[in-house]
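These notes concern the structure reproduced below.
Coordinate-derived values only; no laboratory data. If you're wondering where the values come from, they're calculated on a predicted model, not measured in any experiment. Neighbour counts are summed over all protein chains in view; Cβ atoms, including those assigned to glycine, are modelled from backbone coordinates with ideal geometry.
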Amino acid sequence: MAKSKTTADRGKFKNEIHTALYKSTNIKNLLLGDTAGKSTNDIRKLFREHVKSHLFIDDTITATESFIFYDVILPVLRSNVKTCKVVLYAICHRDILDGDEYIEGYYGNRADVLSQMIEDCLINDEETANSFGIGKLSLDSVDIFNDKRFYGVIMTFDVPNFR
């Protein structure tokens, strides 16, 4: 009998994260703006331009927009259980960080609002929180992302899983 692939969960979790983020109307509205008149296929393509399953933030990003970058790491691999960590960057171009928009129930600048929407999507949605591993996806830490042109939040999520 072939052994299961230890690293397969990286890809599975990335698919789950992308699907969960895409289901959020709030996140799509914040990242994409008005999508009225756009086809579902066009919206998916635009979403893919703003949500990336890696942490490589290239200096060639020139758009004055907001983005989500994420990746999955496996810091603990034991005989029966492995710990998975999701590292997610919610970043905004500095020129739109402190906009005038107010969204009821969300606080702070645009990056803060985006991080709260992500938390709602991944943690506060019971179905999504329970769809990872053997336990609930939990928010472990929140840190600051600061770059020349982008500012945001680094969120780290933990989930235990079978090996």
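Numbers at a glance
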item	result
Ascending count of other beta-carbon atoms within 10 Å, so fewest first, for Ile123, Ile17	Ile123, Ile17
Relative contact order (%) - criterion: Cα under 8 Å, at least six apart; region: region 8-162	23 percent
Cβ-based exposure ranking for Val76, Val153, in which fewest neighbours within 10 Å come first	Val76, Val153
Förster radius 25 Å - calculated FRET efficiency between Val142 and Leu74, Cβ distance, rounded to 0.05	0.75
Peptide ranges 35-47, 103-115, 87-99 listed from the most packed, as the mean C-beta count within 10 angstrom indicates	87-99, 103-115, 35-47
CD proxy at 222 nm, helix term only [per DSSP H run n ≥ 4: -39500 (n - 2.57); per residue of the chain; nearest 500]	-9000 deg cm²/dmol
Cα→Cβ-extended label distance, 7 Å offset, between Asp34 and Ile103, nm	1.8 nm
Region 8-162: Lys pairs at Cα distance under 20 angstrom, eight or more positions apart or on different chains	23
Sorted by Cβ neighbour density within 10 Å, fewest at the top, the residues Glu127, Glu119	Glu127, Glu119
Angle in degrees between helix 40-50 and the longest Cα principal axis of the chain, rounded to the nearest 10	80 degrees
